[in-house]
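Colleague: One structure, as structure tokens, below. Some questions next.
The values are calculated or read from the model by the stated rules, or taken from the named source; none is laboratory data. Keep in mind the model is a prediction, meaning the values are calculated, not measured. All Cβ positions, even for glycine, are placed from backbone atoms using ideal geometry, and neighbour counts span all protein chains on display. The protein model used for the area step is the full one, side chains on, heavy atoms only, and it has no ligands, DNA or RNA in it. Shrake-Rupley method; radii C 1.70, N 1.55, O 1.52, S 1.80 Å.
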Amino acid sequence: MKKNSVLLVLILTLSSILTACGSYKFEPEMNIEVQDFSVTNQKNEKVSLNDIKGKPSLAMFIFTNCNSICPPMTYNMTEVQKALQDKGVEDYQIVAFSVDPQVDSPEVLTNYLKTYSVPDESKWQLLTGYDQKFIEQFAMKSFNSVVKNDPNSDQVIHMGNYYLVNADGIVVKDYSGTTDVPVETIVADMKALTK
């Protein structure tokens, strides 16, 4: 009798774990429409909001001359991409807006990306080709994200989050992109949005 009770508890526990794995429910936490834009990527191609729509994206704000959070954010994004590949998630893109567009030309952005072990560069859009005022207003309106020039240095103040944008161009969630990056949650959320 005792063995049957233990076995029953074990079966119920396993079935609840398997059920939880198979029925992940994506819960949006934000609902911000990304403003339209027309910019240039690292390949010197024009990119607009319409080019980004149609598949989910992970967006972030970085710059190549950054001496604080951008290197770990970019590295962590390559780790997220590896995890996406491992789970067979293919229909997505990674969008990085430069917060220092005067310095970050397409060539500079291309060279920056080459310094990281990027699993699939074809999924990355590193964007520039606008002025500082545009990116400050765009980040706030589209992502509720702060971007501000530091008047005392060559650095730009910005937030270290990743933003999940659905296929309709709506920001639905954000995550830490610097420390304790929730890679498994990001992958699960991206999987839920690509179904």
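Colleague: So what is the relative contact order of the chain, in percent, for Cα pairs below 8 Å that sit 6 or more residues apart? If you can, show how the numbers build up before the last one.
Modeller: Details: 317 pairs, mean separation 61.2, N = 195.
Relative contact order of the chain: 31 percent.
Colleague: Using r as the Cβ-Cβ distance of S122 and N144, and R0 as 35 Å, what FRET efficiency do you calculate, to the nearest 0.05?
Modeller: 0.75
Colleague: In the calculated pair distance distribution of segment 81-195, what percentage of Cα-Cα distances lie above 21 Å?
Modeller: 43
Colleague: Pairing the Cα long axis of helix 70-86 with the longest principal axis of the chain, what angle in degrees results, from 0 to 90 and rounded to the nearest 10?
Modeller: The angle comes out at about 40 degrees.
Colleague: On a 0 to 90 degree scale, rounded to 10, what angle separates helix 132-143 from the longest Cα axis of the chain?
Modeller: In the chain, helix 132-143 runs at an angle near 20 degrees to the longest axis.
Colleague: Mean residue ellipticity at 222 nm from the helices of the chain, using -39,500 (n - 2.57) per DSSP H segment of n ≥ 4 over the full residue count, to the nearest 500 deg cm²/dmol? Provide the component values of the computation, followed by the final result.
Modeller: Numbers: 6 runs with 75 residues, N = 195.
The helix contribution divided over the chain gives -12000 deg cm²/dmol.
Colleague: Same structure, new question: Leaving ligands, DNA and RNA out of it, rank Y116, Y75 by accessible area with a 1.4 Å probe, largest first.
Modeller: Order by accessible area, largest first: Y75, Y116.
Colleague: Which semi-axes, in whole Å and largest first, does the equivalent ellipsoid of the chain have when worked out from the alpha carbon gyration tensor as the square roots of 5 times its eigenvalues?
Modeller: 37, 17, 16
Colleague: Taking a cut-off of 16 Å, what percent of all Cα-Cα pairs in segment 156-195 are separated by more than that?
Modeller: Roughly 37 percent, once rounded to a whole number.
Colleague: Still on this model: What whole-number value in Å² describes the accessible area per residue of the chain for a 1.4 Å probe?
Modeller: Counting only protein heavy atoms, the per-residue value for the chain is 53 Å².
Colleague: With a 10 Å cut-off between alpha carbons and a GNM built on the chain, which of T74, T115, T128 moves the most?
Modeller: Most flexible of the set in this elastic network: T115.
Colleague: Per the 1.4 Å probe, what fraction of the accessible area of the chain, in percent, lies on carbon and sulfur atoms?
Modeller: Looking at the chain in its full context, I get 53 percent from C and S.
Colleague: Taking 0.36 nm per residue of separation and subtracting the Cα-Cα distance, what length does fully extending S153 through T178 add?
Modeller: Roughly 6.8 nm would be gained on extension.
Colleague: When averaged across all projection directions, what area in nm² does the alpha-carbon convex hull of segment 16-115 cover?
Modeller: Spelled out: convex hull of the Cα atoms, projected over all directions, averaged, 8.5 nm².
Colleague: Using a/c under 1.5 as the rounded threshold, could you call segment 27-71 rounded, prolate or oblate? The axes a ≥ b ≥ c are square roots of the C-alpha gyration tensor eigenvalues, and prolate needs a/b larger than b/c, oblate otherwise.
Modeller: oblate
Colleague: K25: which lysines have alpha carbons under 19 Å from its alpha carbon, excluding same-chain residues fewer than 8 sequence positions away?
Modeller: By straight Cα distance, K25 reaches K55, K87, K173, K191, K195.
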